[in-house]
Every structure is written in C-alpha cells, then in structure tokens.
1. Give the number of residues within region 140-180 that are more than 18 Å from residue 12 (Cα to Cα) and either in contact (Cβ under 8 Å) with a residue 12 or more places away in the chain or charged (D, E, K, R) (or both).
2. Against the condition at pLDDT below 95 and either of a type in the set (A, V, I, L, M, F, W, C) or over 17 Å from residue 80 (Cβ atoms) (or both), how does residue 113 come out, does it pass?
3. Would region 163-180 turn up any residue that is polar (S, T, N, Q), out of contact with any helix residue (DSSP H, G or I) (no Cβ under 9 Å at 6 or more places or on another chain), at pLDDT 95 or above and more than 21 Å from residue 18 (Cβ to Cβ)?
4. Of everything in region 86-101, what is modelled with pLDDT of 85 or more and either of a type in the set (Asp, Glu) or over 18 Å from the mean Cα position of the chain (by Cα) (or both)? Give them in sequence order.
5. Specify the residue that is surrounded by the fewest Cβ atoms within 10 Å (Cβ to Cβ); the eligible residues are those in region 78-135 that are aromatic (Phe, Trp, Tyr) and out of contact with any Pro (no Cβ under 9 Å at 6 or more places or on another chain).
Amino acid sequence: MKEFTTPTQFQDLAQLLSDNGIATSSTWYHGTSSGLISAIQSEGLKGSGDAEIMARQLKTLSTIGHDTSEQKDPLFLTQSKELAYFWASQKTHTRNLYLGGGEEAVIFEVNLPQEQQALVTTDAGGAALVMEPGNLYLAWLRELYENNGKTLAEIDPFKCDRMDYLNKLGLAYLAVDVEPQYLTLL
C-alpha cells in the first residue's frame, strides 16, 4: 500500500486515532472527483449524484441484457479528511476510466444543520469490505493504524457492534441530500 499517499494537508488520522478508534465530531468529509465540483457547489450533495457515471453504467448493463433499475445510494461520509481522500481517489479513478478525463481527487467538508447531523449513521454496509479478501481500503487503513502505533482489530461482521464500522473503519452515511451552503471545498 506504500504506493498510495495522501497529500499532507489532508493527513489528519494521527490526531483522530486513539485506542478506541477514530474520533468523530460534528464535521464530516465527503471525497469525490473534481469533475463534480460545479454540480455539488450549485446543487449540493445528492445520494447517487453522479448522473454521468450512473447513465453510463446503466447503458452498459442494458447492452449485456441486464435488467436495470436505478437505486439511490446514500451519501457516504467519514470523520477524516485522510479517509475521504481515499474514497475521492477511488471515485476519480472510476470517472477517469469511464469518461477519459484528467480529473483529480477532491474533498468537501460537510457541516450539517442539527436535524441532519442526527441522521448520520454508521455504515454497516462496511461488512462487505470486511468480508472481501484483500480489500484495498482495509489494507490501507491497517497500515495507517500501524503507522500511528495502533492496531486495527479484526472485525467479525456477524458479531461486531454496528458502531465499529464508524468508530474503527471511518464509514458513515446520510440518507438525505445536503444543500450547498453546508459544504466547503477543501
């Protein structure tokens, strides 16, 4: 995993990490691709909001006879700029692969109003990452823990506390859209 590095200005995990996991606050982060900046700044963050990629994927699936359906995913958030950068890099890779562009990874800081803050929940869908052999995110996260003198404990998706996905893996989501005034491009 040494080939993946986070820019210095986003390296914050050392300050957030303790023996109990990754600290949370009222500030969240969302990683995405630079090709989406304009839409996000004008319309906000929306679940399954990458219309270009969604349309491309649905078209591809339909050409191979797959019966398509549009499912709205929630907004994925994390309490760390460093972790958001990983997901931003993944999104950027996908967009550059599908759209052939030269997009870059970007992070939005998300400061929600109180009523939306209460709706942020741990992403238990992280169980799929835990069960995937050699998952890239978990390998990288394990390395970050070790670099900070901590150990990422193994998570048993059948027995763990649901909050482990947030507290240990930095995975959260929000099932409502976020208006632009609550977002800051970092």
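1. Result for region 140-180: 19.
2. Here the answer is no, as residue 113 does not meet what is asked.
3. no
4. Of everything in region 86-101, just one residue is modelled with pLDDT of 85 or more and either of a type in the set (Asp, Glu) or over 18 Å from the mean Cα position of the chain (by Cα) (or both), namely 97.
5. Once the filter is applied, the top-ranked residue is 98.
The values are calculated or read from the model by the stated rules, or taken from the named source; none is laboratory data. Because the structure is predicted, anything quoted here is derived from the model rather than measured. A quick note on method: Cβ atoms are made from the backbone with ideal geometry, for glycine too, and the neighbour counts reach across all protein chains shown.
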